[in-house]
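Take a look at the structure below.
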Amino acid sequence: MTENPKIDSILDEANRLFLKGKLDEAIKYYDMILHENPNHIGSLNNKGYALNKLKDYDG
């Protein structure tokens, strides 16, 4: 977790959607986090994985 409760809350929702296979929705949440913290490694990793699963190589 981070020191930012807002980011933690968004990350929880993103990961919940990710695990449910709702990858398009999860990516939107990861993008919200990355807007605040472009180096957030968990969001970068999971967004990349989701884009790969969706075969969206331009994401």
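The values are calculated or read from the model by the stated rules, or taken from the named source; none is laboratory data. Everything numeric in this text was worked out from a predicted model, so none of it was measured. Accessible surface is based on the protein model in full, side chains and every heavy atom, while ligands, DNA and RNA are left aside. Shrake-Rupley method; radii C 1.70, N 1.55, O 1.52, S 1.80 Å.
In this structure the chain gives 71 Å² per residue of accessible area when probed at 1.4 Å with all protein chains present.
On the accessible surface of region 5-58, probed at 1.4 Å, how many percent belong to carbon and sulfur atoms? Carbon with sulfur: 52 percent of the solvent-accessible area. Rg ratio for the chain: its Cα radius of gyration over 2.2 N^0.38 Å, N being its residue count, equals 1.02.
Averaging the sequence gap over all C-alpha pairs within less than 8 Å and six or more residues apart, then dividing by the number of residues, gives the chain a relative contact order of 27 percent.
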